[in-house]
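Trainee: Please find one structure pasted underneath; my questions will follow.
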Amino acid sequence: MIYSGNTYINEIHYQGYTISKIYACGGELVWGNDMNTIKYKGEYINGEVFILRCDGDPEITLFDVQTDSPSIITDLTAATFYPCAEYLGYEVLAAADRLRRVEMKEGVGAIGQGAFSHSSGLTEAIIPDSVTAIGSHAFESCDKLSGLTIGSGVTTIGDFAFSGCSSLDNDLYLPNIDKIKTGAFKGCSKLKSVTIGSGCTRIEGNAFGDCTGLTSVIVEATTPPYCAPYAFNNITCQIYVPQASVDAYKAAWSEYSGLIQPIQ
């Protein structure tokens, strides 16, 4: 792994390979399970941009570096992940205190558990349509994160994925979401509005708990999704549902029956 202050890069999945060690050598990043099976060469430029790039099949290249003493890379402020990083693994850049911006290009499929959690300087994250799952705690406690783009392909948002992102002031649109898990957006007190698509089946406890800045919640599903106790804890805004389903929602979501109104 690469260590930079509190920045760790532990695991990236690429074309069926689990790449669990990353090395720095001669201005380039090199990752592979061991020095005889390196699968990728990357770039590290001016202490500012960490790029994972893949053009066709990467050549196998050997470098003389210590496998137990990875080089230190400092001042990491931005990260761009290209499609060769099919899955961003466990705590891929967790607690990266100087990280400001993360962008994933179309083709990245999933974000793993705790991938960017506790990155206290992160202000912007761009998640493309190709991402279908955002893992548990992925952006937890990124308390300066205010610019968030979530692509339309996301079907699952894991436990506490954005919990504690207290600067997040988006109008959140999740057109193809299936499950919003426990505490997914808990404490996102500046979140403006939420629109949940027609395919949603589950909203777990405290999914939007303490999102006190919400001005509206729209749920487009005609059949009320399962709504766990306290899913919308401490919100006071109206919850808009399909007109023909108002009575069904009031029965299924009795905790919030006084807030339920028909979509106009």
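Trainee: Taking region 179-190 on its own, how many of its residues are open to solvent by 30 Å² or more (accessible area, probe 1.4 Å) and in contact with a strand residue (DSSP E or B) (Cβ under 6 Å, 6 or more places away or on another chain)?
Mentor: Quick first cut of region 179-190, residues open to solvent by 30 Å² or more (accessible area, probe 1.4 Å) only: 179, 181-182, 186, 189-190.
So of that shortlist, the ones also in contact with a strand residue (DSSP E or B) (Cβ under 6 Å, 6 or more places away or on another chain) come out as 179.
Qualifying residue count, region 179-190: 1.
Trainee: Ok, one more. Considering only region 252-264, how many residues are crowded, with 17+ Cβ neighbours inside 10 Å, in contact with a Phe, Trp or Tyr (Cβ under 8 Å, 6 or more places away or on another chain) and not aliphatic (A, V, I, L, M)?
Mentor: The number of residues fulfilling the criteria is 1.
Trainee: How many residues, within region 186-245, are of a type in the set (Asp, Glu) and over 21 Å from residue 163 (Cβ atoms)?
Mentor: Qualifying residue count for the region: 1.
Trainee: Go through region 147-199 and report how many residues are part of a strand (DSSP E or B) and under 19 Å from residue 234 (Cα atoms). Let's see the steps before the verdict.
Mentor: The initial filter retains those residues of region 147-199 that are part of a strand (DSSP E or B), namely 147-150, 156-157, 171-174, 179-180, 193-196.
From the residues that got through so far, the ones that are under 19 Å from residue 234 (Cα atoms) too are 171-172, 180, 193-196.
Residues flagged as part of a strand (DSSP E or B) and under 19 Å from residue 234 (Cα atoms) within region 147-199 amount to 7.
Trainee: To continue, here is another question. Can you say whether residue 117 is closer than 22 Å to residue 183 by Cα, in a loop (DSSP other than H, G, I, E, B), open to solvent by less than 30 Å² (accessible area, probe 1.4 Å) and modelled with pLDDT of 85 or more, as far as the supplied structure shows?
Mentor: Yes.
Trainee: For region 151-170, enumerate the residues that are open to solvent by 10 Å² or more (accessible area, probe 1.4 Å), modelled with pLDDT of 95 or more and closer than 15 Å to residue 208 by Cα.
Mentor: 156, 159, 160, 163, 164, 166, 167
Trainee: The conditions are (1) within 18 Å of residue 159 (Cα to Cα); (2) buried (at least 17 other Cβ atoms within 10 Å of the Cβ), and residue 108 fails exactly one of them. Which is it?
Mentor: All conditions pass for residue 108, except number (1).
Trainee: Taking region 216-251, which residues are over 13 Å from residue 200 (Cβ atoms), crowded, with 18+ Cβ neighbours inside 10 Å and touching a Pro at 6+ places or on another chain (Cβ under 6 Å)?
Mentor: Once the filter is applied, which keeps residues that are over 13 Å from residue 200 (Cβ atoms), crowded, with 18+ Cβ neighbours inside 10 Å and touching a Pro at 6+ places or on another chain (Cβ under 6 Å), region 216-251 yields nothing.
Trainee: (1) open to solvent by less than 30 Å² (accessible area, probe 1.4 Å); (2) over 21 Å from residue 214 (Cα atoms): which one isn't true of residue 137, the others all being true?
Mentor: Of everything listed in (1) open to solvent by less than 30 Å² (accessible area, probe 1.4 Å); (2) over 21 Å from residue 214 (Cα atoms), residue 137 misses just condition (1).
Trainee: Please work out which residue is nearest to residue 164 (Cα to Cα), limiting yourself to region 140-150 and to residues that are open to solvent by less than 30 Å² (accessible area, probe 1.4 Å) and out of contact with any strand residue (DSSP E or B) (no Cβ under 6 Å at 6 or more places or on another chain).
Mentor: Looking at the filtered set, the residue picked out is 142.
Trainee: Which residues, taken from region 200-215, are open to solvent by 20 Å² or more (accessible area, probe 1.4 Å) and assigned to a loop (DSSP other than H, G, I, E, B)?
Mentor: Residues of region 200-215 that are open to solvent by 20 Å² or more (accessible area, probe 1.4 Å), as a first pass: 201-202, 204, 206, 210, 212-213, 215.
201, 204, 206, 210, 212, 213, 215, listed by residue number.
The values are calculated or read from the model by the stated rules, or taken from the named source; none is laboratory data. Note that the coordinates shown come from a computational prediction; the quantities given were computed from them, not determined experimentally. Cβ sites come from the backbone with ideal geometry, for glycine too, and all protein chains shown count toward neighbours. Ligands, DNA and RNA are excluded from the accessible area calculation, which covers all protein heavy atoms including side chains. Shrake-Rupley method; radii C 1.70, N 1.55, O 1.52, S 1.80 Å.
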